[in-house]
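Structure record follows, encoded as structure tokens.
Bear in mind that the values in this text are calculations on the coordinates, not laboratory data. Nothing here was measured: the structure is a model prediction, and the numbers come from that model. Counting neighbours? That spans all protein chains shown, and the Cβs are built from the backbone with ideal geometry, glycine included.
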Amino acid sequence: MTERALLVLADGTTYVGESIGAPGHTTGEVVFNTSMTGYQEILTDPSYAGQVVMLTFPLIGNYGTSHFDVESRRVQAAGLVVREACAEASHWLGGTSLRDYLHANGIRGIAGIDTRALTRRIRALGVIQGTITTDEPRDAALTRLRATPAYGEIDYVHQVTTDELYTWDPDQEPHGQIVVLDMGLKYNIMRTLNAKGYRTTALPCDTNAEDILALAPDGIVLSPGPGDPALLDHLVRTTQALLGKQPLMGICLGHQVLGRAFGGRTFKLKFGHHGGNHPVKDLLTGEVHITAQNHGYALDADSLTGGVAISHLNLNDNTCEGLAHPSLPIVSIQYHSEAAPGPRDNMYLFDRFLAMVQADKRGG
């Protein structure tokens, strides 16, 4: 017998559906994601900490879950909303169903609601706080929700960062070492750099510039992550201290922190960019790539100083999607070059960064 669940938004809008996860309640900023596959990667992406993710594709869970699709040490999203959750998974890897996966990880989920209507509401009104609940009446859930701090008031980076240094493959160092400052790191960044021949080490977000450089890295990556970049002044100062010391790559939140290090301001997007089908133009080559994205904030391009320039442009809304510098070895993108999920069109950006790393090692 299915258990009833409610999705209650902060404006009082209420959707009634069935529970597909653990009993209880959860709260977060409700966002929609347009990816057709990759729900397990989305759930375990630290960039979704503090958010209730609604998937616009109508049937979710048909290929189940597996350990191959995990992108961090736990499920990070606050909750999941779908139109239909497939009850029986069919995949050659086996694994568990999506419903069992949510239960096992203590994640609340709801199915059976009109996700098209919810998507239209978010597009029209913007992202909004919401709660999934199985154990409260609607009015009690709404009262609790309205007393909860807003998404933009919470520093989620310190909730998702690693507690201690770790290395993806400690025995590999044919080309050099890359250090990743973990603000919400996805494993596929580590996998990709490692597959390209680099020993890759992740550090807690509070690691200062002196300790980072003491590891003698050949390059430094500022990782993606959740939340409002305006709350991360300490990371901005660390980044400023690293400029010009080693080649830098900023991805998503790392791109925003890098932009702030050049005096840039950030602003909140109406409903964010979440999904695997966002067109971005690389202004350095003129090519257009389809990208995987997950961010609710963007850089104000007009506020940037220090010679940094826009390198990538979002073709849906003309927002800044990347930065370049005429003299400093910097690669910066607003989207997810590592995909997982999403198109792999943008792996070339790792090659662009690593070419800078090799040139710097040669003194070029």
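Stokes-Einstein diffusion coefficient for the chain at 20 °C in a medium of 1.002 mPa s, Rh from the Kirkwood formula over Cα pairs: what value in µm²/s?
In µm²/s, the coefficient rounds to 103.
Pop out the ³J(HN,Hα) list for region 107-123 in order, Karplus 6.51 cos²θ - 1.76 cosθ + 1.60 with θ = phi - 60°, rounded to Hz; leave Gly and Pro as x.
Result, ordered by residue: 9, 7, x, 9, 10, x, 9, 7, 5, 5, 5, 5, 4, 4, 5, 5, 5 Hz.
If you find the alpha carbon centre of region 30-104 and of region 157-232, how far apart are they in angstrom?
Comparing the Cα centres of region 30-104 and region 157-232, I get a distance of 25 Å.
Among the aspartates and glutamates, which have Cα under 13 Å from the Cα of Lys361 when same-chain residues fewer than 8 positions away are ignored?
Asp218
Assuming R0 = 41 Å, what is the FRET efficiency of Glu3 and Leu125, from their Cβ-Cβ distance, to the nearest 0.05?
Using R0 = 41 Å, I get an efficiency of 0.90.
Arranged by the count of other C-beta atoms within 10 angstrom, fewest first, what order do Trp168, Trp92 take?
Final ranking by Cβ density, sparse to dense: Trp92, Trp168.
Search the structure for amide H atoms under 5 Å from the amide H of Asp300, placed 1.01 Å from N in the peptide plane, and list their residues when 5 or more places away or on another chain.
Correct list: Arg265, Thr266, Phe267.
Determine the relative contact order of the chain: mean sequence separation of Cα pairs under 8 Å and six or more apart, normalised by residue count, in whole percent.
Computed over the chain, the figure is 15 percent.
Return the aspartates and glutamates within reach of Lys268: Cα separation strictly under 12 angstrom, same-chain partners fewer than 8 residues apart disregarded; answer none if there are no such residues.
Correct list for Lys268: Asp228, Asp300.
Please work out how much length the chain gains when fully extended from Phe68 to Tyr348, using 0.36 nm per residue of separation minus the C-alpha to C-alpha distance, in nm with one decimal.
Taking 0.36 nm per residue and subtracting the Cα distance, the gain is 98.5 nm.
Starting from 0.36 nm per residue, how many nanometres of slack lie between Asp233 and Arg144 once their C-alpha separation is accounted for?
Taking Asp233 through Arg144 to full extension adds about 29.0 nm, to one decimal.
Name the residue farthest towards the positive end of the dipole of the chain from the options Gln240, Asn318, His158, assuming +1 on Cβ of Lys and Arg, -1 on Cβ of Asp and Glu, about the Cα centre.
After comparing all options, I get Asn318.
Can you work out the Karplus-derived ³J(HN,Hα) for every residue in region 137-154? Use 6.51 cos²θ - 1.76 cosθ + 1.60 with θ = phi - 60°, whole Hz, and x for glycine or proline.
Per residue, the Karplus-derived 3J(HN,Hα) values read x, 4, 5, 5, 5, 5, 4, 4, 4, 5, 8, 7, x, 5, 3, x, 9, 10 Hz.
Output ³J(HN,Hα) for region 35-49: one whole-Hz value per residue in order, computed from phi by the Karplus curve 6.51 cos²θ - 1.76 cosθ + 1.60 with θ = phi - 60°, and x for Gly and Pro.
In residue order, the calculated couplings are 5, 7, 9, x, 4, 6, 4, 5, 4, 9, 7, x, 5, 8, 4 Hz.
Give, in nm to one decimal, the length gained when the segment between His158 and Ser90 is fully stretched (0.36 nm per residue of separation minus the Cα-Cα distance).
20.8 nm
By per-residue mean of other Cβ atoms within 10 Å, what is the highest-first order of 114-121, 32-39, 341-348?
Packing proxy ranking, top to bottom: 32-39, 341-348, 114-121.
Quick one: compute the contact order of region 157-361, relative version, from alpha carbon pairs under 8 angstrom and 6+ residues apart, as a percent.
18 percent
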